[in-house]
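Please treat every number below as a calculation from the coordinates, not as lab data. Note that this is a predicted model, so its numbers are computed, not measured. All Cβ positions, glycine included, derive from the backbone under ideal geometry; neighbour counts span all protein chains shown.
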Protein chains: 2
Amino acid sequence: MILFHITDIAGDTAILSGDELRHATKVLRVQQGDHIQMTDGHGMSYECQIQSISKREAVLQIMKKEAITQRIPRLHIAMALTKNMSRFEWFLEKAVEMGIERVTPLICDHSERKHFNAERCRKKVISAATQSLKYHFPTLDELRPLQEILDEATPENTLVAHYQPEQIHLADQLHKDGSYNILIGPEGDFSSKEMSQIKELKLPIVGLSPYRLRTETAGIMACSIFNSVNRSLK
Amino acid sequence: MILFHITDIAGDTAILSGDELRHATKVLRVQQGDHIQMTDGHGMSYECQIQSISKREAVLQIMKKEAITQRIPRLHIAMALTKNMSRFEWFLEKAVEMGIERVTPLICDHSERKHFNAERCRKKVISAATQSLKYHFPTLDELRPLQEILDEATPENTLVAHYQPEQIHLADQLHKDGSYNILIGPEGDFSSKEMSQIKELKLPIVGLSPYRLRTETAGIMACSIFNSVNRSLK
């Protein structure tokens with residue numbers, strides 16, 4: 001099955017244009033009369049038939065619509081941008097495939113990168129979400145300083161992944177059906193000032209692996225462990 | 001800590017050359033007299049002091065050596081090459097970071113890609129292994145047809161990851177401290193002929209996620225679930 005993202009809906013008619021139209025016509029070679037599956041990314045599923053196709057747009061008749069319930073529990077990862085942006089984008093793609101609900105890119109004391117192209121990253125999110133058949137697209141926040149996230153954090157809702165052998169393993173800290181925010185630091189880790197704040201807030205500090213992991217690998221492992229604790233195949 | 005790969009050792013002297021030398025001198029700017037940590041990738045750790053550096057080689061004095069015990073249990077993933085090779089290489093890097101022991105690239109009926117650059121991929125393995133402080137480098141096999149792997153497979157040692165909602169979850173199938181081979185199919189999945197063979201062999205078929213995953217994401221999830229079942233931070 002192929003899922004398309006649609007934003008332009010009025011009554012029982014929808015218009016497909018831009019990148020999605022190009023993907024549909026150039027790669028998948030859909031034609032007038034074909035049925036295709038669409039989502040608005042906010043939980044709606046639309047089964048549509050293509051009425052007409054031009055270079056600029058395809059006009060679709062909505063045949064059937066259905067609201068898809070959002071999966072709970074939910075995972076929010078706030079992760080430092082990686083120096084090499086393609087590593088962050090990889091994380092984003094994989095996290096979306098695995099069903100993350102929200103990603104916040106962070107600036108920390110040791111962050112080497114302090115800007116990111118939100119529009120480009122949102123396109124990656126949509127592409128990974130449709131590819132893996134998600135009807136609820138994850139939220140990708142604007143870049144935020146760690147400080148802002150810490151201001152909202154409590155030991156009940158926020159865990160910090162940190163590489164040090166004496167920690168408890170994330171899998172032993174998560175409760176099935178619990179929703180969590182997990183913070184992941186930059187290459188070079190959280191600064192000692194940041195770690196002091198984290199300890200003052202009494203946020204649980206968890207380990208992911210006996211190995212030193214790259215930032216984006218830590219992010220993927222956190223998603224995967226969360227999924228494993230809440231395992232379900234339906 | 002930085003770990004280098006060394007292959008040229010005679011008695012208490014080691015020679016660093018090629019890519020590792022360039023990395024040491026150009027990126028990390030090591031100098032005569034510095035101490036560096038090396039491994040042969042077969043479990044030996046060497047603490048060395050740099051005696052001399054030229055453009056072609058660095059001569060090192062081995063000050064201390066130690067045999068590092070290999071971690072058990074062990075994970076072997078046999079995974080179809082992805083059409084886009086960078087996806088396979090990304091899997092390789094992450095799997096090495098997570099501590100995989102062996103990777104076999106597979107050709108399946110639905111494989112679009114049927115060749116790969118083993119030398120390039122071995123370099124990726126070494127780079128990820130030293131970066132994540134591994135003293136035992138994983139084995140990267142030559143490309144093999146699925147058939148050969150199935151000829152050696154038994155229900156005791158081999159699991160098959162396959163996307164269908166009725167399966168048991170991998171995390172419920174793995175036993176702590178067990179070593180496993182996990183097979184992961186190509187984009188377009190195993191063919192019905194391959195699935196029949198897998199069923200005839202009674203290999204356990206497991207799911208990884210309620211979502212459709214890309215091949216390389218399935219590979220990473222399998223590593224991560226294996227690590228989570230055998231969780232340890234030491």
Short version: ³J(HN,Hα) in whole Hz for each residue of the stretch A:68-77, in order, from phi by Karplus 6.51 cos²θ - 1.76 cosθ + 1.60 (θ = phi - 60°), x for Gly and Pro, what are they?
9, 5, 6, 5, 10, x, 10, 10, 10, 10
Which lysines, if any, have their Cα less than 21 Å from the Cα of A:K26, not counting same-chain residues under 8 positions apart?
A:K55, A:K123, A:K124, B:K83
For the stretch B:151-156, Karplus-derived ³J(HN,Hα) couplings (6.51, -1.76, 1.60; θ = phi - 60°; whole Hz; x for glycine and proline) come out as 4, 9, 7, 10, x, 7
What are the label-to-label distances in nm, one decimal and shortest first, from B:T7 to the same spot in the other copies, with labels 7 Å along Cα to Cβ?
5.1
Run through the other copies and list how far each one's label point is from that of A:S127, in nm with one decimal, shortest first; the point sits 7 Å from Cα along Cα-Cβ.
2.2
Quick shape check on the stretch A:11-60: root eigenvalues a ≥ b ≥ c of the Cα gyration tensor, a/c under 1.5 is rounded, otherwise prolate if a/b tops b/c, else oblate, and it reads prolate
In chain A, which residue puts its Cβ closest to the axis that turns chain A onto chain B, and how many whole Å away is it?
A:S224, 2
Could you check the simple spin-label distance between A:N157 and A:E112, using points 7 Å along Cα→Cβ, in nm with one decimal?
3.4
Nothing charged except the Cβ atoms of Lys and Arg (+1) and of Asp and Glu (-1): what's the magnitude of the dipole of chain A about its Cα centre? Round to the nearest 20 debye.
620
In whole µm²/s, the translational diffusion coefficient that Stokes-Einstein assigns to chain A, given a Kirkwood hydrodynamic radius over C-alpha pairs, 10 °C and 1.306 mPa s, equals 83
Quickly rank A:3-13, B:85-95 as a protection proxy: mean count of other C-beta atoms within 10 Å, highest first.
B:85-95, A:3-13
What list of ³J(HN,Hα) couplings, whole Hz, do you get for the stretch A:20-27 from phi and the Karplus terms 6.51, -1.76, 1.60, once you set θ to phi - 60° and write x for glycine and proline?
5, 4, 4, 4, 5, 8, 7, 8
Most mobile of B:A128, B:A161, B:A24 in a GNM of chain B (Cα contacts under 10 Å):
B:A24
Distance in Å, no decimals, from the C-alpha centre of the stretch B:40-110 to the one of the stretch B:128-179 is 17
Given charges at Cβ of Lys, Arg, Asp, Glu: the stretch B:38-158 dipole, positive-most of B:T154, B:S127, B:V59:
B:V59
Find every distance from the label point of B:R144 to the corresponding label point in the other copies (7 Å from Cα along Cα→Cβ) and write them in nm, one decimal, shortest first.
4.8
Can you spot the aspartates and glutamates whose alpha carbon is less than 13 Å from A:K193's alpha carbon? Ignore those fewer than 8 places along the same chain.
A:D109
